[in-house]
């Protein structure tokens with residue numbers, strides 16, 4: 001359905017039951033319907049400014065644009081907030097392109113073109129406006145390096161403003177690394193002067209949001225297509241934003257003023273993604289480097305410790321070998337001592353057995369001598385001598401017994417082991433779990449046999 005059919009439908013009464021509904025409407029209703037239909041005739045119109053009326057202190061202004069060729073005139077109305085947002089200083093004779101829609105002003109019935117934005121026409125005019133605004137903002141210090149904020153290391157929460165259509169957003173997201181980024185995206189127009197409204201609205205949305213950095217991106221283009229990014233209102237909005245701003249706006253010759261005022265300026269969306277990746281990539285590189293360094297140091301430490309352990313093991317081995325050798329010597333000494341003790345005991349036993357025979361022989365000799373000799377004095381003397389010899393033999397035996405007493409060896413560090421009163425001499429006399437009595441120098445104690453080692 002075209003615009004004419006649409007407007008005709010608004011005022012058609014063909015389907016109205018004349019008996020049930022009145023066939024007229026008020027002027028106010030008619031104009032509302034008319035304006036609703038006229039909105040569909042929105043467009044962009046080129047012409048020269050004439051009859052400009054700014055009305056100091058009021059919230060609106062009037063002007064006309066004139067067709068240079070045909071002389072046709074279009075009356076225009078514009079709210080001052082939209083005028084300031086456009087960033088174009090109007091003056092009579094200035095050629096512009098205005099965007100908006102026709103509307104009937106109900107208080108006087110006149111039709112005006114309600115203007116939403118104004119943009120300059122031609123590279124020359126745009127370049128002149130660009131240079132003037134750039135100089136003005138430079139004087140204010142908005143492009144100064146000292147006011148630019150550092151992009152934080154390891155950013156994660158990113159505010160993204162660009163158009164949802166086109167390759168720009170794809171290039172950005174494709175090159176953004178996998179470092180846990182959380183991106184909040186606002187779709188905005190980025191082409192021409194009409195994009196200013198969307199861009200400012202998007203920046204206002206992110207103001208106060210929990211983001212680490214704000215990103216504004218678009219592809220390259222002519223000075224005319226980049227008008228929005230040379231708009232004073234947008235530039236001041238970027239300058240006053242509380243978080244660092246990165247602008248990735250493609251350009252060939254004149255750098256967009258929005259990029260100059262941003263905290264970080266790059267030329268492509270891919271470069272913006274690389275900027276955000278940089279601190280993370282450096283951290284990963286350092287982590288890998290430190291990992292290799294740690295592994296290398298750990299390897300060296302293990303190698304060094306392995307050598308030290310090997311040396312220590314050799315020292316321990318030699319020390320234990322010395323202990324084992326000393327123990328072997330002690331063991332051999334003990335064995336020799338036990339053999340010597342056993343020999344002495346056998347000798348004592350033999351002597352003790354022989355002493356009664358000696359005494360008996362002595363007594364027989366004495367009796368025989370008494371029977372042969374009648375001299376009593378000599379007999380007593382002989383008996384005394386025999387008795388002295390027997391006494392000396394007994395004392396010698398006593399000394400030998402005392403000297404060879406096994407208990408005396410206890411003072412030398414030896415011990416005597418018995419079980420049920422039986423002296424333990426060999427391994428086969430005991431078994432595991434058997435209780436034995438161990439006699440030492442100053443007493444004795446009971447012990448349970450746990451381990452048996454045969455020699």
### Message
Restricting to the stretch 137-146, give me the number of residues that are touching a residue at least 24 places away in the same chain (Cβ under 8 Å) and either surrounded by fewer than 17 Cβ atoms within 10 Å (Cβ to Cβ) or part of a loop (DSSP other than H, G, I, E, B) (or both).
### Response
2
### Query
Which of the following residues is surrounded by fewer than 18 Cβ atoms within 10 Å (Cβ to Cβ) and over 27 Å from the mean Cα position of the chain (by Cα): 154, 101?
101
### Task
State which residue is surrounded by the most Cβ atoms within 10 Å (Cβ to Cβ) when the search covers only the stretch 244-261 and only residues that are in contact (Cβ under 8 Å) with a residue 60 or more places away in the chain and assigned to a loop (DSSP other than H, G, I, E, B).
244
### Query
Would the stretch 227-234 turn up any residue that is outside any helix (DSSP H, G or I) and touching a strand residue (DSSP E or B) at 6+ places or on another chain (Cβ under 8 Å)?
no
### Task
Starting from the stretch 414-443, take each residue that is surrounded by fewer than 11 Cβ atoms within 10 Å (Cβ to Cβ) and list its partners that are in a loop (DSSP other than H, G, I, E, B), counting only C-beta distances under 6 angstrom and pairs at least six apart or across chains.
432/449
### Message
Criterion first (touching a strand residue (DSSP E or B) at 6+ places or on another chain (Cβ under 8 Å) and either within 21 Å of residue 200 (Cα to Cα) or at pLDDT 90 or above (or both)) does residue 125 satisfy it?
### Response
no
### Query
In the stretch 104-122, which residue that is in a loop (DSSP other than H, G, I, E, B) and either in contact with a helix residue (DSSP H, G or I) (Cβ under 7 Å, 6 or more places away or on another chain) or at negative phi (or both) is surrounded by the fewest Cβ atoms within 10 Å (Cβ to Cβ)?
107
### Message
Quick check on the stretch 188-202. Is at least one of its residues in the same structural domain as residue 253 (by TED's automatic domain parsing), within 36 Å of the chain's Cα centre (by Cα) and surrounded by fewer than 17 Cβ atoms within 10 Å (Cβ to Cβ)?
### Response
no
### Summary
Those residues of the stretch 157-173 which are in a loop (DSSP other than H, G, I, E, B) and either in contact (Cβ under 8 Å) with a residue 40 or more places away in the chain or surrounded by 21 or more Cβ atoms within 10 Å (Cβ to Cβ) (or both) amount to 163, 166, 167
#### Entry: Restricting the stretch 33-75 to residues that are in contact with a helix residue (DSSP H, G or I) (Cβ under 8 Å, 6 or more places away or on another chain) and in a strand (DSSP E or B), the residue that is farthest from residue 125 (Cα to Cα)
60
### Query
Of the numbered conditions (1) assigned to a loop (DSSP other than H, G, I, E, B); (2) within 21 Å of residue 343 (Cβ to Cβ); (3) modelled with pLDDT of 85 or more, residue 417 satisfies every one except a single condition; which is it?
(1)
### Query
Can you name the residue in the stretch 76-88 that is touching a residue at least 40 places away in the same chain (Cβ under 8 Å) and not in a helix (DSSP H, G or I) and is also farthest from the chain's Cα centre (by Cα) among such residues?
78
### residue 23 vs. criteria out of contact with any strand residue (DSSP E or B) (no Cβ under 8 Å at 6 or more places or on another chain) and at pLDDT 60 or above
yes
### Query
Taking the stretch 116-135 only, how many residues are within 23 Å of residue 54 (Cβ to Cβ) and touching a residue at least 40 places away in the same chain (Cβ under 8 Å)?
9
## Note on the structure
If you go through 61, 132, 137, the only one that is at negative phi, assigned by TED's automatic domain parsing to the domain that holds residue 260 and at pLDDT 95 or above is 137
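The values are calculated or read from the model by the stated rules, or taken from the named source; none is laboratory data. In this text, all values refer to a predicted model and were calculated from it rather than measured experimentally. Every residue, glycine as well, gets a Cβ built from its backbone with ideal geometry; the counts of neighbours run over all protein chains shown.
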